[in-house]
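Trainee: Dumping the structure here so I can ask a few things about it.
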Amino acid sequence: MAKILICYYSRSGNTKKMAYLIQEGVMDEGSEVDTKDVKNVKVDDLKGYDGIIIGSPTYYGLMAAPVKDLLDRSIKLHGKLQDKVGGAFSSSANIGGGNETTVMAILQALMIHGMVICGDHRGDHYGPVSIEAPDKRVEKNCIMYGKRVAELTRKLHG
Ligand SMILES: Cc1cc2nc3c(=O)[nH]c(=O)nc-3n(C[C@H](O)[C@H](O)[C@H](O)COP(=O)(O)O)c2cc1C
């Protein structure tokens, strides 16, 4: 069974809420999922998953430092995460406040690892984005995204 990690940083809870909505979608699809605060994720843990979805609040249009720190430390696994499925999500305060640039920055790092990025022709194209806490639109997109990443992961990794 495909195994997915949802890893998030969240200071005031908005990104965390998104993480658990994405988890719902992954579970609906029938895949195994762990949802963890980034502080509880060790770099070596990343090897144990077929899909990795990373969420961060938008800080100055980019990911928060604890998420960047995990990615920087993931150099230890350079070459070992190839072909795993990758995804990203973010909460910001403002429309146009940089949530998509945050998602793209996370995805860039995952691509450098050789991971397969899961876009979406519906919903939020690069990965779910929210203005502060998830509203109905975001809830739907997060659940849909979790399912979609899980489906792609199952196709690639069984
Ligand atoms: C240091 C810092 C930088 C931030 N930078 C931005 C920003 O560039 N654009 C934006 O729209 N919101 C910005 N915000 C607001 C957060 O992204 C927003 O409140 C988010 O929902 C917080 O997510 P959380 O509840 O998961 O911590 C910033 C907040 C902090 C604390």
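The values are calculated or read from the model by the stated rules, or taken from the named source; none is laboratory data. Being a predicted model, the structure only gives us computed values, none of them experimental. Methodologically, a virtual Cβ is constructed for each residue, glycine included, from the backbone with ideal geometry; neighbour enumeration extends over all protein chains shown. Just the protein is used for accessible areas: all its heavy atoms, side chains included, with ligands, DNA and RNA removed. Shrake-Rupley method; radii C 1.70, N 1.55, O 1.52, S 1.80 Å.
Trainee: Determine whether region 144-155 contains at least one residue that is open to solvent by 10 Å² or more (accessible area, probe 1.4 Å), of a type outside the set (D, E, K, R) and over 16 Å from the mean Cα position of the chain (by Cα).
Mentor: No, region 144-155 contains no residue that is open to solvent by 10 Å² or more (accessible area, probe 1.4 Å), of a type outside the set (D, E, K, R) and over 16 Å from the mean Cα position of the chain (by Cα).
Trainee: Between residues in region 142-158 that are free of Cβ contacts under 8 Å to residues at least 60 places away in the same chain and residues that are part of a helix (DSSP H, G or I) and of a type outside the set (Val, Ile, Thr), which pairs lie under 9 Å by C-beta distance while being six or more apart or on different chains?
Mentor: none
Trainee: Working only within region 112-122, note down all residues that are within 15 Å of the chain's Cα centre (by Cα) and free of Cβ contacts under 8 Å to residues at least 24 places away in the same chain.
Mentor: Gly119
Trainee: Please state which of the following conditions Met63 fails to meet, knowing it meets all the rest: (1) under 13 Å from the mean Cα position of the chain (by Cα); (2) over 19 Å from Lys16 (Cβ atoms).
Mentor: The failed condition is (2).
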